[in-house]
Amino acid sequence: MPIAITRRISPSLARCELTHLSRELIDLERARAQHASYEDCLRSLGCTVLTLPPDPDLPDCVFVEDTAVVVDELAVITRPGAPSRRRETEAVAAALGGHRELAFITEPATLDGGDVLRIGHRIFVGLSSRTNAEGAAQLEERLSPHGYTVETLTVGGCLHLKSAATEAAPGTVLLNPSWVDAAVFTDFRVVAVDPSEPGAANGLLVGETTLFPSAYPRTAARLEEAGARLVRVDVSELAKAEGAVTCCSLILNQP
Ligand code: CIR
C-alpha cells in the first residue's frame, strides 16, 4: 500500500510564489475543501495519507512535491529554487526520515521536485527558473548508485518540467509540445494535451489510475481514448497558486 505525504494549506497561501500567473483571489476555505477531496481520492486509490501540519510562514507548503525526490531506495531532500520555499524541506525531511534513508541537495545547487519526472529507472530533470545544472548533477550523484539514469532537458513557458510532461498512464507521457521537446520521449507512448488546454499536462499516476484535474475535459478524453483510467479532482483554487495534482503529494511505494 503506498504512502502519500501531503501537507495542509498554509493560511498565508495568498502570498504564494507566482511565475507565470497573475495573482488572483484564492478562496482559502474552498482550497482546503478541494485539498481534502484530493486526499480522499488518494485514499480511494489505496494510499495511506500522512498529512503534515501547515506553517503560516511558508505560503507554498502545500506543494510538498517540490521538497523531495523519493525512490524506493532513498529520499533526496531538495534545495528549492525559490528562497521563500527553502524551509519547507525541514518538516518533510523529518517525516520521510521514518520511511527512507535521506540524502540532500546542497548549495549552490537548486532543485524543485516538480522538475523531476521519474519513469521507471529513467529520471528526467527540467532545467528551469527553479532547477539548475548543479541540482541535476547532484541528483544524479545521489541516484546513480541505485541504478537510475538522469537526463536533463530544458523547459520553457511553464514553471516546472511536470507542468509540461508527466507519466499520466503507465508508459504514457502526457505533454504540452509547446513547453517541452516531445522528441525526448520517443521511447514512450506520447499523448499531447488538447491545444485549448495548455496547462493540462499534469496528471498524478497512482498505481494504474491517474488523478486528473476536472478543469481539462478535452485532454481527459484524449487520455481515456489512449486507455488511461482517470479519477477527476477539482483543484481550481490551488491552480491559482500555480499548483496542479502532482505537486500536492509525495507518493512512497512500499518496496
Ligand atoms: C511555486 O511557485 O513554487 C508555487 N506557487 C507552486 C508550486 C507548484 N509545484 C509544482 O508544480 N510541483
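Quick check on packing: order 221-227, 201-207, 30-36 by the mean number of other C-beta atoms within 10 Å, highest mean leading.
On the way: 221-227: 14.6, 201-207: 23.6, 30-36: 17.3.
Final packing ranking: 201-207, 30-36, 221-227.
Nearest 0.05, what FRET efficiency do residue 137 and residue 18 give at R0 = 35 Å with Cβ-Cβ as r? Could the numbers behind the result be given before it?
Details: r = 28 Å, r/R0 = 0.81.
Computed FRET efficiency for residue 137 and residue 18: 0.80.
State the antiparallel share, in %, of DSSP beta bridges confined to the range 3-252, rounding to the nearest 5.
On the way: 17 of 41 bridges.
Here the share of antiparallel DSSP bridges comes out near 40 percent.
Using Cα springs under 10 Å in a Gaussian network model of the chain, which residue among 164, 14, 220 shows the largest mean-square fluctuation?
14
With a Cα-only, solvent-free Debye model of the range 31-177, what are the log10 I(q)/I(0) values at q = 0.08, 0.12 Å⁻¹?
-0.22, -0.50
What is the magnitude of the charge dipole of the range 1-152 about its Cα centre, with +1 placed on the Cβ of each Lys and Arg, -1 on the Cβ of each Asp and Glu, and no other charges, expressed in debye to the nearest 20? Write down the numbers at each step before the final one.
Details: 16 positive and 23 negative charges, 45 e Å.
Here the range 1-152 has a charge dipole of around 220 debye.
Taking the Cα atoms of the range 3-252 alone, what are Rg (to one decimal) and Dmax (as a whole number) in Å?
16.4, 45
Give me the net charge for the shell around residue 170: Cβ to Cβ below 12 angstrom, other residues only, Lys and Arg +1, Asp and Glu -1. Working shown, then result.
Numbers: positive: 189, 229; negative: 167, 208.
Taking every other residue near residue 170 into account, the sum is 0.
Cβ under 9 Å from residue 135's Cβ, residue 135 left aside: what net charge do those residues give with Lys, Arg +1 and Asp, Glu -1? Intermediate results must be reported in sequence, preceding the final value.
On the way: positive: 79, 130; negative: 112, 115, 134.
My count for the surroundings of residue 135 gives -1.
Which value, in debye to the nearest 20, describes the size of the charge dipole of the chain about its Cα centre when Lys and Arg Cβ atoms bear +1, Asp and Glu Cβ atoms bear -1, and nothing else is charged?
Working: 23 positive and 34 negative charges, 56 e Å.
With Lys and Arg at +1 and Asp and Glu at -1, about 280 debye.
Over the Cα atoms of the range 122-255, each weighted equally, I'd like the Debye log10 I(q)/I(0) at q = 0.11 Å⁻¹, rounded to two decimals.
-0.39
Quick check on packing: order 228-238, 166-176, 18-28 by the mean number of other C-beta atoms within 10 Å, highest mean leading.
Details: 228-238: 19.0, 166-176: 22.5, 18-28: 12.1.
Going from most to least packed, we get 166-176, 228-238, 18-28.
Lys/Arg Cβ at +1, Asp/Glu Cβ at -1, dipole of the chain taken about the Cα centre: which of 121, 146, 20 is farthest positive-ward?
Towards the positive end, the residue furthest out is 20.
Quick note: the coordinates plus some simple rules give every number you see, no bench work behind them. In this text the structure is predicted, and so the values were computed from the model without any measurement. Note that each Cβ is placed from the backbone with ideal geometry, even for glycine, and that neighbours are counted across all protein chains shown.
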